[in-house]
Every structure is written in C-alpha cells, then in structure tokens.
Ligand code: FES
C-alpha cells in the first residue's frame, strides 16, 4: 500500500525568518533527495510562516504530523530516507 506524504519547508523571507536561515536551500535539497529515491519532487512544497521561525528553518511532514526545527542541509537525506522509506522519526 502506498502512503501519500508531503514535506513542507518554510522558506518565508525576511530577517530572522526561515528563508534567511537557509529555508530556500533546504527546499532544493529536499527535492533533490526525493528525486534520488525515485519520487516526485512535487512532494516537497513551500510552507508559509507558522510562527516558529525562532526555531527555524522549520520542516513539517504530512500526514505524519512531525515537525523538524533548526534543520540543516546535512539533515535532509536522513529525514527523507527515514520518512519516505522507513517511516520513522529522525531526531535533529
Ligand atoms: S518564517 Fe518559518 S516559521 Fe516563521
């Protein structure tokens, strides 16, 4: 059974916002990693500000209802592989 998942990456621009903390680079990296697993990069979407940018950049995985904060580029392969392939949560 295929389970539909989406990864939302906050890329909101502005001082102190996720976009200024690497959110834009993160969304590119997430799309690259999803593609590497043979999945559509359209599973990765831009997310608007959810008022958690002090912990940003922020990433949300639907429908798992899992939030990742202070996500770095190096975290991306682990998050993608564990969520989309192994279905477990990664500590960041
Ligand atoms: S800018 Fe990302 S949570 Fe506010």
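Bear in mind these aren't lab numbers, they're just calculated from the coordinates by the rules spelled out. What you are looking at is a predicted structure, and each value in this text was computed from that prediction instead of being measured. Cβ sites come from the backbone with ideal geometry, for glycine too, and all protein chains shown count toward neighbours.
Of the residues making up the stretch 29-40, those that are surrounded by fewer than 16 Cβ atoms within 10 Å (Cβ to Cβ) and either outside any loop (DSSP other than H, G, I, E, B) or near the ligand (Cβ under 8 Å from one of its atoms) (or both) are 32, 35, 36.
Scanning the stretch 1-28 for residues that are farther than 13 Å from residue 77 by Cα and part of a strand (DSSP E or B) yields a total of 4.
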